[in-house]
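For reference, the structure discussed in these notes is given below.
Please treat every number below as a calculation from the coordinates, not as lab data. Predicted, not measured: the structure shown is a model, and the values here were computed from it. With ideal geometry, Cβ positions are generated from the backbone for all residues, glycine too; neighbour counts draw on all protein chains shown.
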Amino acid sequence: MNVLDFVSAFFSDSAHWQGYDGIPTRLSEHLGYTLEALAFAAVIGLPVGLVTGHYGRGGNALSLIATAGRALPTFGLLVLMTMLIGFGMLPVMIPLVVLAVPPILVTTYEAMRSVDPSPVDAARGMGMAETRILLQVEVPVALPLILGGLRSAAIQIVSTATIAAYVSLGGLGRYIIDGLYQRDYEKVVGGASLTAGMALATLAVFWAITKVTVSPGVRRSA
Amino acid sequence: MAVDRLSLEIPDRSITVLVGPSGCGKTTTLRMINRMVEPTEGTILIDGVDSRQQPVNILRRSMGYVIQNAGLFQHRTIIDNIATVPRLLGWSKDKSRARARELMERVGLDAALAKRYPYQLSGGQQQRVGVARALAADPPVLLMDEPFSAVDPVVRKGLQDELLRIQEELGKTIVFVTHDIDEAVKIGTMVAVLRTGGRLAQFAPPAELLSSPADAFVEDFLGADRGIRRLSFFSSAGLDLLTAPIVAVDATAEQIAARADAGAPYLLVTDVDGKPLGWSEPGRLTAGRIDRGQLLSHGRPFVAGQESLRAALDCAVLSPTGWAVAVDGEGRAAGVVSQQAIGEAIRGAHEDSVGPAKVLR
């Protein structure tokens with residue numbers, strides 16, 4: 001049996017489409033983990049990146065934190081957190097957020113630094129307040145890059161959130177881990193292809209968000 | 001220290017140009033006016049009131065600010081770029097946009113550009129948007145920091161002329177920074193020449209700057225041909241134009257003969273409307289059969305009375321006959337004048353230049 005046979009067998013089995021271990025349930029669990037982790041990471045990464053980028057200070061400290069964050073093995077962190085805190089949502093969220101903050105933080109900082117300084121100077125000279133300059137002059141121009149950072153963070157979370165199953169939670173990782181345990185490779189491949197599909201869907205969602213939120217003036221000149 | 005103990009009184013409703021070599025503190029001086037740079041000591045009085053008396057953003061909104069490269073917001077349409085300050089002042093969207101449309105017309109931008117984005121405009125058009133944006137809330141003061149430095153010379157000349165025209169209509173108090181002395185002399189009502197450290201070398205109207213530079217630094221900064229450039233300030237109205245050495249292309253043999261000795265070695269041939277065609281020696285002209293191809297070029301004519309002695313001299317120097325052709329507003333020949341006569345007028349103008357009556361503008 002080759003991989004494609006596994007895939008078609010997995011998806012054509014009607015038992016995989018219902019119940020608490022069905023595809024819709026696992027997909028929505030996975031989506032839930034992803035959105036939650038991305039939201040936490042954005043709440044931490046975006047403001048810090050925006051403010052440091054605006055004032056142009058703290059770039060070195062940021063890249064240090066980001067490198068440290070990237071160096072932490074996600075799986076190891078998951079096991080460590082579970083041992084420290086016990087089973088639950090929190091020990092899963094911590095490694096996912098640690099994984100997602102660096103790309104958001106660093107890209108947002110870089111995006112803000114790359115904004116042409118002359119419109120900012122003009123805005124300041126016209127009497128625009130600093131918050132307004134940040135939100136109405138810099139962010140709209142930096143938005144494509146900022147969204148790019150969020151996108152890579154989201155994709156990393158989607159593919160890494162499978163580890164939640166390792167500590168008895170749900171999500172698409174359930175199929176992979178259970179499949180491996182049961183030597184049910186149909187399940188393993190099915191779970192993996194669903195994860196990959198969701199990563200592609202994430203790309204599409206970010207493409208659409210960029211299309212809607214980025215001004216045509218920025219899109220064309222970038 | 002960028003600017004040290006500079007004391008300058010900027011006259012209302014006129015263009016004051018700060019000029020000097022790079023690093024002389026001219027931009028710093030300008031930026032101190034709207035407190036983009038805070039002076040460590042000293043005060044800036046606007047209509048007698050210390051600029052630090054009001055909140056900084058209120059102060060800045062009362063002054064138009066134009067910078068090099070325009071500094072437009074690339075994510076906003078042209079009309080919304082121009083409407084920035086009115087929006088900051090709390091005007092409604094409709095009122096701000098209506099005002100922005102009005103300004104587009106004033107600075108010579110086609111209304112069709114309103115919905116475009118900055119990247120779709122040329123450098124010169126972007127700079128016009130920058131000026132319109134600065135004028136949007138009708139501020140009494142306009143600060144311009146090398147606004148035309150980044151565009152090519154032809155566009156720059158157009159923008160300078162446009163600025164002078166707008167200033168004629170609006171009468172703003174403009175402070176204009178440039179490193180280009182020609183630009184300073186062209187647009188300034190008053191020119192402040194700064195030397196390194198923001199020290200004032202000379203503060204004078206352009207004509208006075210050219211005629212009596214305060215010291216070697218100013219003289220050096222003005223460049224080698226300041227004598228020629230100074231002629232820009234003398235009107236050509238005082239020139240004695242000769243009309244006798246002009247014949248129409250359909251002139252009779254008697255007319256040609258009568259004008260052959262009219263005081264010039266050459267005759268200027270015009271078409272039937274009186275527009276100059278070219279020069280010829282009287283002997284080479286045959287009535288009724290004047291060949292336009294045989295005429296000597298008359299070069300670029302100057303507009304009598306409107307253009308300066310510099311333009312008249314330039315025409316005479318460029319003319320193969322050494323005689324300049326003066327035309328009226330419609331381009332019809334108004335007379336001819338020799339280099340010698342222009343030279344006499346220049347000497348006369350220099351003698352009279354103590355009186356401002358002959359100074360253009």
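Per-structure values
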{"quantity": "Distant-in-sequence amide H partners of B:Met144 (H built 1.01 Å from N, under 5 Å)", "calculated": "B:Val66, B:Val175, B:Phe176, B:Val177"}
{"quantity": "Volume per residue of the C-alpha convex hull in chain B, rounded to whole Å³", "calculated": "159"}
{"quantity": "C-alpha long axis of helix B:153-170 to longest principal axis of chain B, angle in °", "calculated": "70"}
{"quantity": "Gap separating the Cα centres of the stretch A:1-60 and the stretch A:77-141, nearest whole Å", "calculated": "19"}
{"quantity": "3J(HN,Hα) from dihedral phi, the stretch B:197-203, Karplus parametrisation 6.51/-1.76/1.60, rounded to Hz, x for glycine, proline", "calculated": "x, x, 8, 7, 8, 7, 10"}
{"quantity": "5 angstrom amide H check on B:Gly335, placed H, neighbours 5+ away", "calculated": "B:Ala326"}
{"quantity": "Shielding of B:75-84 by partner chains, average beta-carbon count, 10 Å", "calculated": "4"}
{"quantity": "Longest to shortest principal axis, alpha-carbon extents of the protein assembly as shown, angstrom", "calculated": "121, 65, 42"}
{"quantity": "Spatial separation of Cα centroids for the stretch B:291-358 and the stretch A:150-222, in angstrom", "calculated": "79"}
{"quantity": "Shielding by partners - mean other protein chain Cβ count within 10 Å, residues of B:63-72", "calculated": "5"}
{"quantity": "Degrees, to the nearest 10: A:139-160 long Cα axis against longest axis of chain A", "calculated": "20"}
{"quantity": "Shape of the stretch A:1-48, Cα gyration tensor, a/c cut at 1.5", "calculated": "oblate"}
{"quantity": "Estimated 222 nm signal from helices in the protein assembly as shown, with DSSP H stretches of n ≥ 4 weighted -39500 (n - 2.57), rounded to 500", "calculated": "-15500 deg cm²/dmol"}
{"quantity": "Relative contact order [Cα under 8 Å, 6+ residues apart], the stretch A:3-221, whole percent", "calculated": "26"}
{"quantity": "Phi-based couplings in Hz for the stretch A:115-132 (Karplus 6.51, -1.76, 1.60; Gly and Pro marked x)", "calculated": "5, 3, x, 6, x, 5, 4, 4, 4, 5, x, 8, x, 8, 6, 4, 4, 5"}
{"quantity": "Over the stretch A:36-179 - Rg/Rh using Cα atoms and the Kirkwood inverse-distance radius", "calculated": "1.10"}
{"quantity": "Nearest 10 degrees, 0 to 90: helix A:173-182 Cα axis against chain A principal axis", "calculated": "30"}
{"quantity": "Computed over chain B: relative contact order in percent, which uses C-alpha pairs under 8 Å that are six or more apart", "calculated": "17"}
{"quantity": "Peptides B:93-106, A:101-114 ordered by average Cβ neighbours within 10 Å, highest first", "calculated": "A:101-114, B:93-106"}
{"quantity": "Relative contact order (%) - criterion: Cα under 8 Å, at least six apart; region: the stretch B:237-351", "calculated": "25"}
{"quantity": "Partners for B:Lys95 among lysines (Cα-Cα distance below 17 Å; same-chain residues under 8 apart left out)", "calculated": "B:Lys115"}
{"quantity": "3J(HN,Hα) from dihedral phi, the stretch A:7-18, Karplus parametrisation 6.51/-1.76/1.60, rounded to Hz, x for glycine, proline", "calculated": "4, 5, 5, 4, 7, 8, 6, 5, 5, 6, 9, 9"}
{"quantity": "Within chain B: Cβ-based charge dipole about Cα centre, in debye rounded to nearest 20 (Lys, Arg +1; Asp, Glu -1)", "calculated": "1520"}
